[in-house]
Amino acid sequence: MIPFTKMQGNGNDFIVLDNRSGRFSGEDLARAAGLYCRRRQSLGADGILVVEASREADYVMRLFNADGSEGEMCGNGARCIAKYAFEKGIAGRRQKFSTLAGIITAEVDPPFVNLDMGTVRLDEGWFGRTVEAAGEVFEASFIWVGVPHAVLFPRAELPRERKILIGRELRHNLSLFPEGANVNFVMPDEDGRIRSVTYERGVEDLTDSCGTGSTASAICHVLKGSVSKEVPVVVDVINPGGINAVTLVFDGEGKSAAASLRGRTVIVAEGFLTEEL
């Protein structure tokens, strides 16, 4: 029997495991993700979050996507694991943890978690180009926020099935995105807010929320000239599962932006995973 905690951050849901003892290998965890993240046949989740011991931080965060692949970083997942670590006494309200994308700092303010997303390099991305997918042309940008994100600006709202088709095609377009990419569909909303839906690499479907996707969407929205970037900018990103507030501070040379992310996190359930699967 394997103890677990089920959590969600604005609808992005995870199974959280404590592996500080080193009980499970990476192969074990990848296999567990493939088994236990299957909806209807198992507990179901977008991925598995794993807490492991660290010498340089409060702990290590590992993320295994629903397909068993290990991800570098996940904004909503990072918020969930920060709250988990706080609730379990692993770390305090202010904490730092290691990821494959680097050290992340967080502050837990239940039910919210504020996450320092670090400095996003703008000169390593591209903006204002056009891409074609499923017979349609989109204005698009590309940026790394711990993981690669393509940000599309459709001229009109697209049906869910169409987003999946386009997202899947672009996610696997290795000539354009050699490491694959998450694909975000961004539309303006009222009062300077934006709506963003993400097709997630590794989940291979649309998700109700994406923290790194919200950050990428906010940055690309501002760089379109939609919002002044002369002062700290706060962009409310409406995901299907809730609102992620993204705060951005751009440098004077247009090479980078310091980003932080704030959103709700919820502990849904706790229990034990059986080994029958």
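Each value in this text was obtained by applying a stated rule to the coordinates, not by laboratory testing. Everything quoted here is computed from the prediction, not taken from an experiment. Methodologically, a virtual Cβ is constructed for each residue, glycine included, from the backbone with ideal geometry; neighbour enumeration extends over all protein chains shown.
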Query raised in the report: Considering only the range 126-145, how many residues are within 21 Å of the chain's Cα centre (by Cα) and farther than 30 Å from Met7 by Cβ?
Result: 4
**Report entry** Qualifying positions in the range 174-185 - under 19 Å from Ala216 (Cα atoms) and polar (S, T, N, Q)
**Finding:** Asn182, Asn184
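Here is a yes/no grid of residues against (1) basic (Lys, Arg); (2) touching a Ser or Thr at 6+ places or on another chain (Cβ under 9 Å):
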{"residue": "Lys88", "(1), (2)": "yes, yes"}
{"residue": "Asp109", "(1), (2)": "no, no"}
{"residue": "Leu115", "(1), (2)": "no, yes"}
{"residue": "Glu136", "(1), (2)": "no, no"}
{"residue": "Ile164", "(1), (2)": "no, no"}
**Report entry** Of all residues making up the range 241-276, the number that are within 15 Å of Thr212 (Cα to Cα) and not hydroxyl-bearing (Ser, Thr, Tyr)
**Finding:** 14
Query raised in the report: Quick one: how many residues across the range 58-94 are assigned to a strand (DSSP E or B) and touching a Phe, Trp or Tyr at 6+ places or on another chain (Cβ under 7 Å)?
Result: 4
**Report entry** Top-ranked residue in the range 190-246 [being buried (at least 22 other Cβ atoms within 10 Å of the Cβ) and of a type in the set (D, E, K, R); ranked as nearest to Gly11 (Cα to Cα)]
**Finding:** Glu200
Query raised in the report: For the range 113-123, does any single residue satisfy the condition of being of a type in the set (D, E, K, R) and without any contact (Cβ under 8 Å) to a residue 12 or more places away in the chain?
Result: no
Requested in this report: Please go through the range 22-70 and pick out each residue that is touching an Asp or Glu at 6+ places or on another chain (Cβ under 7 Å) and of a type in the set (Ser, Thr, Tyr).
Outcome: Tyr59
Requested in this report: Would you be able to tell me the number of residues in the range 34-68 that are crowded, with 17+ Cβ neighbours inside 10 Å and closer than 23 Å to Asn182 by Cβ?
Outcome: 17
